[in-house]
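Q: If you scroll down you'll find the structure; I have some questions about it.
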Amino acid sequence: MKNRRIEEYLQSSLRQGEKGSPGKIEETAAGCIEIMRRQGEYEEEERTGFWQFLSDVLRFEGPAIFGLQAGVLFVVCLQAGFMENVSHYIPVFTPLFALAVMPVLLRSQFYKMGEMEAATRASGAEIILAKLILAGAANLIGFTVLLGLVVRLQNSRENMGQMILYGLVPYLVCMSAILRLIRLRRKERIFAWAVVTAGSCVGWGLSANTLSWLYETSAAGIWIVLFVVFTAFFGKEICLIWEMKREGKPYGIID
């Protein structure tokens, strides 16, 4: 941009037949020096650090992120209070926390601002990563409150490890799929996946009623394997986001 300005300035001077005028030559040289000086100041401008950027995202996106998670948590806790064997129904609830993350992750697509985000100094990957960190913090609070409620309703802390797996496995499945859809820019499938995510709650509810053996201590190995597998998928997506952030590349759908 700066070089173009210099070129236009020089061409304008030549068209006006001013190349033979010593005064105009000096004026042109002074103008070029000023432009280069300003360019040097721009290059030396300190970039915003990631944690400062994260605090900025928290200020703008925090109310939506924590508000949606709080709404989901309220509905989940209200429903859990009327269930028997509530620990078996933890997988029914946690996909809803993943579903509540989608509006924030896809806000730029909803408002047709993906191209503008991609043109900013913060890459699209950095924006997604910041939102994921904030959403993860909100999810952690929600999971902790939910587990505390389940322990209180059961009056027992037994099988706490299994209950954590019951919650994390469905959540990781949903989040891995959501991030993959965003990365592959399959915008047309996002709404369908939102329906599938909500529908998976029904599937987990049916498993709690018909596959009771799946929630016994002897089945802990199955949950551990599922946790390891889907943690690997989720971790792979996070590593891709981090790599794209380092390279300044966009991540996901650009309208």
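Q: Protein chains only, probe 1.4 Å: how do LYS245, LYS236, LYS131 rank by accessible area, largest first? Numbers along the way, then the final one.
A: Details: LYS245 45, LYS236 120, LYS131 5 Å².
Sorted descending by solvent-accessible area, the residues read LYS236, LYS245, LYS131.
Q: On a full-extension model of 0.36 nm per residue, what is the gain between THR231 and ASN159, subtracting their alpha-carbon distance, rounded to one decimal in nm?
A: Gain on stretching THR231 to ASN159: 23.8 nm.
Q: Related question: Using label points projected 7 Å from each Cα along Cα→Cβ, tell me how many nm separate ALA192 and ASN85, to one decimal.
A: According to this spin-label approximation, the distance is 3.4 nm.
Q: Okay, next question. Given points 7 Å out from each Cα along the Cα-Cβ axis, report the ALA70 to LEU214 separation in nanometres with one decimal.
A: For ALA70 paired with LEU214, the spin-label model returns 3.4 nm.
Q: Starting from the Cα of SER55, step 7 Å along the direction of its Cβ; do the same at CYS32; then give the gap between the two resulting points in nm.
A: Those two pseudo-labels are separated by 4.3 nm.
Q: By average Cβ neighbour count within 10 Å, what is the ranking of 59-67, 132-140, 97-105 from highest down?
A: Per-residue Cβ counts within 10 Å, averaged per peptide and sorted highest first, yield 97-105, 132-140, 59-67.
Q: I need the peptides 83-91, 213-221, 196-204 ranked by packing, meaning the mean over residues of other C-beta atoms within 10 angstrom, with the highest value on top.
A: Ranking the peptides 83-91, 213-221, 196-204 by packing returns 83-91, 196-204, 213-221.
Q: Go through ARG107, ARG246, ARG157, ARG180 and list them by solvent-accessible area, largest first, probe radius 1.4 Å.
A: ARG157, ARG246, ARG180, ARG107
The values are calculated or read from the model by the stated rules, or taken from the named source; none is laboratory data. Since this is a predicted model, take the numbers as computed values, not measurements. Every residue, glycine as well, gets a Cβ built from its backbone with ideal geometry; the counts of neighbours run over all protein chains shown. For the accessible areas, the whole protein counts, side chains as well, though only heavy atoms, and no ligand, DNA or RNA atoms are used. Shrake-Rupley method; radii C 1.70, N 1.55, O 1.52, S 1.80 Å.
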